[in-house]
Amino acid sequence: MVEQWQLYSLLSITTSSVALSLALLVFRRFPGKRAATTFVLAMSFFLAAAILSYPIRYWYSEYEGSELFVWTSRAFYFVHMLAVGYTAAFVGMYFHGFRVFRRRSAGTLMTFSLGAAAVLVASLVGTSTTYTGPIPYTTNARLALATISTVYGLMMVGTIVRTLSRNRDPVVRKQAIVMLSGVLLHGATAETYAYLRIGGQFPPPFLTASALIMAASFTIAILRYRMFDVTPRPEDPVAYPRKFPLRPGRAYVARERRPDLGFRALAEAVRQGDVGLVITRLPPTAVREGFDLEQTTILSLSSVIGQNTVPPTQPEMLERLVSRFLAGQTRAVVALEGVEYLSTYVGFPRVLQTLNRLRDLATQSGGVFIISADPAALDERDQAGLDREYEPLPVASAEGFTVQDVFVIHSSGILVSHLGRIEAPRPGTPDEDVMAGMLTAIMNFARVSFAEASHELKGFDLGSKKVVIERGTRIILAVVYLGREPGSIADEMRAFISRAERKFGVLLDNWSGSSEELGGIRAMTARLLI
């Protein structure tokens, strides 16, 4: 017949084992290995405490005293305190790990403080002498364990509440709410259990059951509301002429002050059937609007926790995410900018190591890796390191012509978008008069073109410049260029109109005249200037 103490021990070990299994599942699937490792350590210490409780319950039930009984009790309080401490550390590391643990000394200090608290609690286990031998005196240890655990619990609650009050990312907020529910439930259970134990009672092991529920809430929050989603998502194909002759299995660097050509090369590739991954310091919405990327996966480099946000102090996390994205892909393009930003946190040698690792991951599967870097922000030795490892980003020849301006005009004759190779002229300057005259000529030509209902490519001279115009059903595209007549741009203009009218057809039919309603057209237009 199974005795009560055996049943209690079995329940404690079983629930703690399941909690550890959940932590290992998180470790396997979550790319943030620092936080996941802390979670595994916390649940491991809970299991160790459950295992140690088995002989302790036996000795209490049989009232057998011994030095082994005393030292086992000290070990129990030691690992129990560590379990609570590392659980609190996991919550803090998960939500604020970048800020708190950006320096290695912070992690060392945390480990030392958790160990010191555990040693203090264990040292408070005294000895009482009985006729059967020494038995542990644990009143002071129980009080210390309950007090310090309460402090740790309040720290967890404070960390999560602070996250909810300051972070507006919907995924982070959902995770925080689920975790908070688990922490509050376990905290209430722990306080009840501590009260009963301090009163000398031996309640059922519902504390380990609530710890399991808390571990389950952590697991559900992390795996259900995923912080990182790097699933490859293809873009709608567009028959654009190739301007960036990227070769499979190669790595390139684009030297530019702001990311432009590197991301445009990726945007072209994903419209040709590849899948893309962008790693950037820029806001994801700005990248999507600026480079016409609707579905492409984007990872942000930032110190603020959020979905698909990678802390700059954890390049190893970036490597794992890129590896996960590339799994099973044979036509993938990875573009990264932010080399300078990463270097300020981990140093350029570590950044170059990460870049080379990402390059190997991408090129070994036949993909392409592109870096966009500002040479002015790197010293000569760092630039030389990039030049040795990466080819210059290739751009197709301009065929003896240079596009100066691109105009998109609505069928009503109203300008939808204008993009020029040079900045817009200042008011009152001669350049502004030239621009106004050019725009007037193009608008008049557009109205005549719509009136004639002609779909032929037309053009006219405008001083030293030439204008070529393509008409659609809702818009006209006008390209102003210098040099000889372009041969390949006609196909690209037709592809532009076809896609723009398919994508913005409803908006164009009901357009109020506000350029903000058709902001996505500007990103599509920029490609024509390359």
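Can you classify segment 4-224 as rounded, prolate or oblate using the Cα gyration tensor, where a ≥ b ≥ c are the square roots of its eigenvalues, rounded means a/c under 1.5, and otherwise it's prolate if a/b beats b/c and oblate if not?
Judged from the Cα gyration tensor, segment 4-224 comes out prolate (a/c at least 1.5, a/b above b/c).
What distance in nm separates the simple spin-label points at Thr147 and Leu164, each placed 7 Å from Cα in the Cβ direction?
2.9
HN-Hα J couplings of segment 158-170 from phi, Karplus 6.51/-1.76/1.60, θ = phi - 60°, integer Hz, Gly and Pro as x?
Ordered by residue, 3J(HN,Hα) equals x, 4, 5, 5, 4, 4, 5, 7, 10, 9, 9, 5, x Hz.
Pull up the cross-link candidates among the aspartates and glutamates for Lys458, meaning alpha carbon to alpha carbon under 13 Å and not fewer than 8 places away within one chain.
Leaving aside aspartates and glutamates fewer than 8 places away in the same chain, those within reach of Lys458 are Glu470, Glu485.
Grab the other residues whose beta carbon is less than 11 angstrom from that of Gly505, score K and R as +1, D and E as -1, and report the net.
After counting each charged neighbour, the total is +2.
Full extension from Ala188 to His96: what is 0.36 nm times the residue separation minus their Cα-Cα distance, to one decimal in nm?
That pair, Ala188 and His96, stretches by 30.7 nm at full extension.
I'd like the FRET efficiency for Arg388 and Asp260, computed as 1/(1 + (r/R0)^6) with the beta carbon distance as r and R0 of 25 Å, rounded to 0.05.
Values: r = 24 Å, r/R0 = 0.95.
So, using R0 = 25 Å, E works out to roughly 0.60.
In nm, what is the difference between 0.36 nm times the number of residues separating Tyr54 and Met155 and their Cα-Cα distance?
33.3 nm
What is the helix-to-structure angle for 206-224, meaning the angle in degrees between its Cα long axis and the longest Cα principal axis of the chain, kept from 0 to 90 and rounded to the nearest 10?
10
How far, in nm, would the chain grow between Tyr341 and Arg502 when pulled straight, counting 0.36 nm per residue and subtracting the alpha carbon separation? Let's see the in-between values first.
Working: separation 161, 0.36 × 161 = 57.96 nm, distance 3.85 nm.
So the chain would gain 54.1 nm between Tyr341 and Arg502.
Which of the lysines could be linked to Lys33 by a straight reach, that is with a Cα gap under 29 Å, when you skip same-chain ones fewer than 8 residues away?
The reachable lysines, counting only those whose Cα sits under 29 Å from Lys33, are Lys174.
Cα-based Rg of segment 247-311 per 2.2 N^0.38 Å, rounded to two decimals? Each step should come with its number before you reach the end.
Values: Rg = 12.2 Å, N = 65, 2.2 N^0.38 = 10.7 Å.
The reported ratio for this selection is 1.14.
Over the chain, what is the relative contact order in percent, taking alpha-carbon pairs closer than 8 angstrom and at least six residues apart?
Rounded, it is 12 percent for the chain.
If you restrict to DSSP beta bridges whose two residues both lie in the chain, what percentage is antiparallel, to the nearest 5?
Close to 55 percent.
Quote the FRET efficiency, to the nearest 0.05, computed for Gln295 versus Asn140 with a Förster distance R0 of 45 Å and r equal to the Cβ-Cβ distance.
The calculated FRET efficiency here is 0.15.
Between Ser464 and Gln364, what is the FRET efficiency for a Förster distance of 45 Å, r being their Cβ-Cβ separation, to the nearest 0.05?
With a Förster radius of 45 Å, E is 0.35.
State, to one decimal in nm, how far the label point of Glu67 lies from the label point of Phe202, with both points 7 Å from Cα in the Cβ direction.
In this crude label model, Glu67 to Phe202 measures out at 2.5 nm.
Could you work out the helix-only [θ] at 222 nm for the chain, with each DSSP H run of four or more residues adding -39,500 (n - 2.57) and the total divided by the number of residues, to the nearest 500 deg cm²/dmol?
-19500 deg cm²/dmol
log10 I(q)/I(0), Debye, Cα-only the chain, no solvent, q = 0.08, 0.10, 0.13 Å⁻¹?
Log-scaled intensity ratios, in q order: -0.67, -0.87, -1.19.
Each value in this text was obtained by applying a stated rule to the coordinates, not by laboratory testing. This structure is a prediction, so every number in the text was calculated from the model and none was measured. Cβ: placed from backbone, ideal geometry, glycine included. Neighbour counts: every protein chain shown.
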